[in-house]
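What follows is a single structure, written as structure tokens, with notes after it.
The values are calculated or read from the model by the stated rules, or taken from the named source; none is laboratory data. Predicted, not measured: the structure shown is a model, and the values here were computed from it. Every residue, glycine as well, gets a Cβ built from its backbone with ideal geometry; the counts of neighbours run over all protein chains shown. Heavy atoms of the whole protein, side chains included, go into the accessibility calculation; ligands, DNA and RNA do not. Shrake-Rupley method; radii C 1.70, N 1.55, O 1.52, S 1.80 Å.
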Amino acid sequence: MSQHDPAGSAPSEDTTEAVQAPTAAPAASTTAARAHGVSVLREIVMGSGLVSVLAVVAALVLGGLLIASTDERVGRTVGYLFARPTDFLSAFWKAATGSYAALFQGAVFNPREGFAPLLETLTVSTPLICAGLGVALAFRAGLFNIGAQGQIIIGGTLAAYAGFAWHLPAGLHLLLVIVLGVAGGAVWGGLVGYLKARTGAHEVILTIMFNYVALYLLDFLLNTSAFQRPGETNPISPRLDETAVYPALSGSRLHLGFLAAILLTVAVWWILNRSTVGFEFRAVGANPDAARTAGVDVGRATVLVMALAGALAGAAGVAQVAGTEKVLTTGVAASYGFDAITVALLGRSTPWGTFAAGLLFGAFRAGAVQMQIQTGTPIDIVLVVQSLIVLFIAAPPLVRSLFGLGRGARKRAAQAREGADQPATATTTGGNA
């Protein structure tokens, strides 16, 4: 056949590429979309600390505007705003700052009580810090631990049972309570990691389901003779023995569990930054495929990190039953497990950032009551501020635009693009000439 015969010629490389293009393009776009999604989540979970601080500031400002807009005196001064605008501005300022001043007095310092409110803030912060560390540790490994609520419940349940059912000497009894509580949370979290590693099930679905299992299991147990307080019809356990509870500071509810929270923060920092297993966690979180290629057992790391995360949440349950409440009820976890997610996000999944975020949210909780008593501002405004913090953390570009951050970088990037385009234009023009 002639070499110039179209029918006998082999397909050219251009034709082959044209045929393959439709199948290659979707795969490339899917990979790019997945990479973009991962980068967005990484920016939300482990972004700049400055963005976290500015998110809190923006939330407080909007919360102050909301407080002032619902104040009665502000509403009255609006009627003659244009006649005497200073009255409106004064009422607006006093409403916003007065509520936050009352919040500060209820959380940090009160002229009548001194720093006694700060001790209450530290008490409330203890379970938030412990559970937040569990969520943050999982985040660093690329896992979303939404199950801190259930892990707190299981840890608190086992710790409480050891505290009221067994009667042991001081020291040994508290140690056993701590060990069982932490072990209970570790097992509950480790089961999620095992199921994900073996079956590929998503940890978010698993942890949410495990939360419900833990909640209804606790409700069942508190209605049995083994857990229910004798002579009570309400679901409440007997009081823990004095040998099974954290020693408390005289005159306050602050207990030794806060010191345990500090030690756990140090331990998590060491694990993530100074240990081999912490390097594996971070490698899996950055890129599990690359970590597997480098020899990291991703399945083992998944089980281990979820077990450690559950253990930290279990420590929060111990702080509740052996430190603050000293009994077991269906509200042992309150909303600490879900607030821990916000604490970890605000702390950018770093141990000390999570510690500071836990203190902030503890201050919100402790000061909200005093704010309502002094100014009549509803406690729910604190929930609004917390929700706004989450909103701003989830939208870093919004925070940067609100505070004018990144304009210089965008301008330099635009100038660089213009500079890159000019030589190409000149070359094209010269070629045409």
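Of everything listed in (1) of a type outside the set (S, T, N, Q); (2) open to solvent by 30 Å² or more (accessible area, probe 1.4 Å); (3) in contact with a Pro (Cβ under 8 Å, 6 or more places away or on another chain); (4) at negative phi, the single unmet condition for Ala116 is (3). Could you please tell me which pairs satisfy a Cβ distance under 8 Å, a separation of 6+ or placement on different chains, a first residue in region 344-357 that is in a loop (DSSP other than H, G, I, E, B) and surrounded by fewer than 24 Cβ atoms within 10 Å (Cβ to Cβ), and a second residue that is small (Gly, Ala, Ser) and at pLDDT 95 or above? Hits for this filter: Thr350/Ala136.
The number of residues in region 205-249 being touching a Gly at 6+ places or on another chain (Cβ under 6 Å) and in a helix (DSSP H, G or I) comes to 5.
Right, Ala201: outside any helix (DSSP H, G or I) and either closer than 30 Å to Val303 by Cα or modelled with pLDDT under 95 (or both) or not?
Against the criterion (outside any helix (DSSP H, G or I) and either closer than 30 Å to Val303 by Cα or modelled with pLDDT under 95 (or both)), Ala201 qualifies.
Scanning region 67-77 for residues being surrounded by fewer than 15 Cβ atoms within 10 Å (Cβ to Cβ) and among the hydrophobic types (A, V, I, L, M, F, W, C) gives a total of 0.
Conditions (1) modelled with pLDDT of 95 or more; (2) over 22 Å from Tyr161 (Cα atoms), marked per residue:
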| site | (1), (2) |
| --- | --- |
| Gly285 | no, yes |
| Pro288 | no, yes |
| Gly295 | no, yes |
| Val303 | yes, yes |
| Ala322 | yes, no |
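Highlighted here are the helices (runs of 4 or more DSSP H) found entirely within region 63-182 that include at least 1 residues which are in contact (Cβ under 8 Å) with a residue 40 or more places away in the chain, under 29 Å from the mean Cα position of the chain (by Cα) and closer than 27 Å to Arg253 by Cα: 85-107, 116-140, 148-165.
Where residues in region 228-244 are among the polar types (S, T, N, Q) and free of Cβ contacts under 8 Å to residues at least 12 places away in the same chain, which of them is least open to solvent (accessible area, probe 1.4 Å)? Filtering first and then ranking leaves Gln228. For region 341-369, filtering for residues that are touching a Leu at 6+ places or on another chain (Cβ under 6 Å) and among the aliphatic types (A, V, I, L, M) leaves 2.
Has region 245-268 got at least one residue that is in contact with a strand residue (DSSP E or B) (Cβ under 8 Å, 6 or more places away or on another chain), among the polar types (S, T, N, Q) and open to solvent by 30 Å² or more (accessible area, probe 1.4 Å)? No, the conditions are met nowhere in region 245-268.
Would you call Ala313 at pLDDT 95 or above, closer than 15 Å to Phe144 by Cα, buried (at least 21 other Cβ atoms within 10 Å of the Cβ) and in contact with a Cys (Cβ under 9 Å, 6 or more places away or on another chain)? Yes.
Every residue, every condition in (1) of a type in the set (Phe, Trp, Tyr); (2) more than 28 Å from the chain's Cα centre (by Cα); (3) under 23 Å from Val305 (Cα atoms), yes or no:
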residue	(1), (2), (3)
Thr199	no, no, yes
Leu222	no, yes, no
Pro238	no, yes, no
Pro247	no, yes, no
Leu254	no, no, no
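Considering only residues of region 274-288 that are of a type in the set (Val, Ile, Thr) and under 23 Å from the mean Cα position of the chain (by Cα), which is most open to solvent (accessible area, probe 1.4 Å)? The qualifying residue most open to solvent (accessible area, probe 1.4 Å) is Val277.
Listed conditions (1) touching a Leu at 6+ places or on another chain (Cβ under 8 Å); (2) open to solvent by less than 30 Å² (accessible area, probe 1.4 Å) are all met by Leu308, apart from (2).
Please state which of the following conditions Ala291 fails to meet, knowing it meets all the rest: (1) touching a residue at least 12 places away in the same chain (Cβ under 8 Å); (2) open to solvent by less than 50 Å² (accessible area, probe 1.4 Å); (3) in a helix (DSSP H, G or I). Going through the list (1) touching a residue at least 12 places away in the same chain (Cβ under 8 Å); (2) open to solvent by less than 50 Å² (accessible area, probe 1.4 Å); (3) in a helix (DSSP H, G or I), Ala291 breaks only (1). Residue count for region 185-227 satisfying the condition of being surrounded by 15 or more Cβ atoms within 10 Å (Cβ to Cβ), in contact with a Ser or Thr (Cβ under 7 Å, 6 or more places away or on another chain) and under 29 Å from Ala165 (Cβ atoms): 5.
Within region 327-339, is even one residue within 20 Å of Ile393 (Cβ to Cβ), open to solvent by less than 10 Å² (accessible area, probe 1.4 Å) and not aromatic (Phe, Trp, Tyr)? Yes: region 327-339 contains one or more residues that are within 20 Å of Ile393 (Cβ to Cβ), open to solvent by less than 10 Å² (accessible area, probe 1.4 Å) and not aromatic (Phe, Trp, Tyr).
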